[in-house]
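All of the numbers you see were taken from the coordinates with simple rules; none came from a lab. Everything numeric in this text was worked out from a predicted model, so none of it was measured. Quick reminder, even Gly has a Cβ in these numbers, built from the backbone with ideal geometry, and neighbours come from all protein chains shown.
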Amino acid sequence: MQECKHQPPCPGAAAVDHDAARMIATFPEQGWSLLCNGVIVFEDTGELMPDGLVVAPHRGPARHALIGG
């Protein structure tokens, strides 16, 4: 993978904030985007890391579950 040329540089794939990297390609009809750091992010919040590691979707709790009850 080519090194990021953005200023400031995008966070690397191993960084905690790796999903803050810029999108360099997006395929909304297929539900995924490629970030500058090589991470593929899916619309369901799952991720595919450059080393092949799969990160399961990690959405927060539903909004209605946060409102007392």
Lys/Arg +1, Asp/Glu -1 at C-beta; segment 1-62 dipole; positive extreme among His58, Gln30, Cys4: Cys4
What does a probe at Met49 reach in segment 1-40, counting residues whose amide N is under 19 Å from the point 7 Å along Cα→Cβ? 1-4, 10-22, 33-40
Put one equal scatterer on each alpha carbon of segment 18-66, apply the Debye formula with no solvent term, and list log10 I(q)/I(0) at q = 0.13, 0.26 1/Å to two decimals. -0.33, -0.96
